[in-house]
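Just so it is clear, none of the values below were taken in a lab; they were calculated from the coordinates. Since we're looking at a predicted model, the values are computed, not measured. Cβ sites come from the backbone with ideal geometry, for glycine too, and all protein chains shown count toward neighbours.
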């Protein structure tokens, strides 16, 4: 993560949540925590805080709460431009580690 984004967001977990959502479009607490190998409770706290302040919206998908950006909030559009710029400047190793995970299921029986 970049120190600039962490300074703007106030802490590392908020920056991680926002970058993850910008890269993948949507996510849930455990998935985000597993990606960064951090505690789920800290990520969930940030998701709840960001939703309470109008940056994110959530919906239930099965038994999981899926979070995504609240696009009706005009501030979110500007924030996403900043996040996209941050993602573009990350080193390739960081991008490959955190932001290139397979999201769709693999066909049954297909070799890895």
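Quick rundown of the values:
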read-out: The stretch 76-103 - residue that is assigned to a loop (DSSP other than H, G, I, E, B) and in contact (Cβ under 8 Å) with a residue 24 or more places away in the chain and, of those, farthest from residue 43 (Cα to Cα); value: 90
read-out: All positions within the stretch 1-32 that are buried (at least 16 other Cβ atoms within 10 Å of the Cβ), in contact with a strand residue (DSSP E or B) (Cβ under 7 Å, 6 or more places away or on another chain) and not in a helix (DSSP H, G or I); value: 26, 27, 28
read-out: Every residue from the stretch 33-75 that is in contact (Cβ under 8 Å) with a residue 12 or more places away in the chain, assigned to a loop (DSSP other than H, G, I, E, B) and exposed (fewer than 14 other Cβ atoms within 10 Å of the Cβ); value: 54
read-out: Selection count, the stretch 36-50, where residues are more than 14 Å from residue 66 (Cβ to Cβ) and in contact with a strand residue (DSSP E or B) (Cβ under 8 Å, 6 or more places away or on another chain); value: 0
